[in-house]
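What follows draws every value from the coordinates through simple rules; no lab data is involved. Bear in mind that the values here come from a model prediction, so they are computed numbers and not experimental data. Because the Cβ atoms are built from the backbone with ideal geometry, glycine has one as well, and the counts that use them run over all protein chains shown.
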Amino acid sequence: MKRVRSVAMAMTLLMALSLMGCGAAGGGKGQSSIGQTAVSESEDNQEQTRSGDTVKLRLWGGVPAEAGPQASCDEFNKLYQDKGIQVEYVRFVNDETGNMKLETNLLSGEGVDLYMTYSVDVLSKRAEGGMALDLSEMMSAEKYDEVSYLGDMAKAYYINGKPYSIPTKLDKYGIVINKKMFDDAGIDVPTEWTVDEFREIAKKLTHGTGQQKVYGMFWNSQQDLSYAMNFIAAQTLGGDPMYKSEKESNFTDPVNVAAVDLVNKMMNVDKTSPSHTDSVTQKLSQESMFLTGKCAMTIGPWMIRSIKNTDEYPHDFITAFAPYPVVGKRSYTEGGYGDLLCINPKSQHAKEAWEFAKWYAAEGMMEVAKGGRVPAYNTYNSKAITEAFLNGAENLLDAATTESVLIKPANNYAVPSITTHSAEIKKCYTDEVEKILIGQESTKEGMENAKLAADKILQQ
């Protein structure tokens, strides 16, 4: 059955490639032209390596090259120049279109040797769809022990008991705060808060009307509708907030309902956050809202590289961080591992790709730390990581909360352990959350509908 599904997926994506090709021919921008370049150059790459020349790997990632990946690749290329391996970085946009482009190239076997996956549900889909190499044999042959670098949590990122990636980044997130706005309002940066306290603070920070309005919070819902579950509910429910078991979803749990209702009421009742409709139609972003002073708080610190980029986003206020607010009592710390580095099973250079993957995870992340990505492996000096993270932004980032919220490791992360139909189950959730946020149904109705749809998938 899985094989049939994989073949169907391959056909669908290959058809999509032909359609995208038409768009690219018409002068399309962004990752379409990048992907096209990678495909067209792959034949040259294969011809060179057949003649015994240097192997040229292609690494696809969602982070802009200038935010660290290019410098990291340059460092690898210097170290491995005499070993016959070089790597080229290809940036794709980490959205639906960009990931479709990546997966189309993976299934065609063209232009991708290694790539980053940014969530476990997507990793699960790619592993089961023949788009990620099972690393078991390579690890076994070298007695390579991920646990010695990552701890027992490494196995939480296995799919069906097998490693299809190397987690490279420590994901510790929290609410992003304009410290000047908090100071002006006489509000201390919280070290712990409930969702009710968070909601009230957002009200105090919201003021003005029309184009002059400053919102207390920006949820960034146009980018992802699962933040309430992944970042807030998970702190109470743990790493599997979508599941009650492998056969039953958990969307009607009071904690999940409360987390979604928080977002809904802040958008549509309190008006302390832009509505989901405005976020989509006006193409809002964390940069356009937070870094221009149009909101006091936002959801995710993956914008560190933009905070540092004062040429493009001029500002002089200090950004601080706070843990996500919690529903009820906190049982877990939001966090885990990310930037899941995978090898394309159709790569002709899997051995060389494995060499790069090991180097990058254990040695190559200091450059991307400057862009706000904390290495997951324990091979790095924590002080050096903090210095790299703050580098160039000492007057823009609050050092104490940056370290405590984003960098300092915890021992109670909300780590996922169930991946059954995870991409499909997540879609059941996000489809209904969108209806809730645009007023088509109540929070209670939407979460009940999400559960019905998800349970049907899990019990088939």
Under 13 Å by backbone N from the virtual spin label 7 Å along Cα-to-Cβ at S382, the residues of the stretch 144-158 are none
The size of the Cβ-based charge dipole (Lys, Arg +1; Asp, Glu -1) of the chain about the Cα centre, to the nearest 20 debye, is 560 debye
With Cα coordinates, the longest principal axis of the chain makes an angle with the long axis of helix 31-50, in degrees rounded to 10, of 20 degrees
HN-Hα couplings for the stretch 76-90 via Karplus (6.51, -1.76, 1.60; θ = phi - 60°), in whole Hz with x for Gly/Pro, come out as 4, 4, 5, 5, 10, 4, 7, 9, x, 10, 10, 10, 10, 8, 10
Taking every DSSP bridge whose two residues both lie in the chain, the antiparallel percent to the nearest 5 is 60 percent
Rounded to the nearest 10, the angle in degrees between the Cα long axis of helix 2-25 and the longest principal axis of the Cα atoms of the chain comes to 90 degrees
Rounded to the nearest 10, the angle in degrees between the Cα long axis of helix 254-268 and the longest principal axis of the Cα atoms of the chain comes to 70 degrees
Once amide hydrogens are built 1.01 Å from N within the peptide plane, the residues lying 5 or more places from C295 or on another chain with amide H under 5 Å from its amide H are Y215
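Explain nothing, just the number: dipole magnitude of the stretch 282-359 about its Cα centre with +1 on each Lys and Arg Cβ and -1 on each Asp and Glu Cβ, in debye rounded to the nearest 20.
Numbers: 9 positive and 8 negative charges, 66 e Å.
Here the stretch 282-359 has a charge dipole of around 320 debye.
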Note: D183 to S245 extended length (0.36 nm per residue) minus current alpha-carbon separation gives 17.9 nm
Residue by residue through the stretch 362-373, the couplings from Karplus 6.51 cos²θ - 1.76 cosθ + 1.60 with θ = phi - 60°, in Hz, x for Gly and Pro, are 8, 9, x, 9, 5, 5, 6, 4, 5, x, x, 10
So the FRET efficiency between T54 and K283, C-beta based with R0 = 60 Å and rounded to 0.05, is 0.90
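Kindly state, to the nearest 0.05, the FRET efficiency for D74 paired with E445, given R0 = 41 Å and r defined as their beta-carbon distance. Walk me through the intermediate numbers first.
On the way: r = 53 Å, r/R0 = 1.30.
That gives a FRET efficiency of 0.15.
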Going fewest to most other Cβ atoms within 10 Å around each Cβ, M365, M139 line up as M139, M365
Percent of all alpha-carbon pairs of the chain at distances over 33 Å, whole number, is 37 percent
Once phi for every residue in the stretch 423-438 is put through the Karplus expression 6.51 cos²θ - 1.76 cosθ + 1.60 (θ = phi - 60°), the whole-Hz ³J(HN,Hα) values, with Gly and Pro written as x, are 5, 5, 5, 4, 5, 4, 5, 5, 4, 6, 4, 4, 4, 4, 5, 9
Taking 228-236, 208-216 and ranking on average Cβ neighbours within 10 Å, highest first, one gets 228-236, 208-216
Looking only at lysines whose Cα falls under 30 Å of K83's and that sit 8 or more positions away or on another chain, we get K56, K143, K162, K169, K346, K351, K358, K370
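Where Lys and Arg each count +1 and Asp and Glu each count -1, what net charge lies around K179 among other residues with Cβ under 13 Å from its Cβ?
Values: positive: K180; negative: D183, D184, D188, D316, D398.
Around K179, the charge tally is -4.
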For the chain, the charge dipole (Cβ of Lys, Arg +1; Cβ of Asp, Glu -1; about the Cα centre) points to a positive end, and the Cα of T430, M138, L390 closest to that extreme belongs to T430
The answer for T333, listing residues at least 5 apart or on another chain whose modeled amide H is closer than 5 Å to its amide H, is N412, Y413, A414
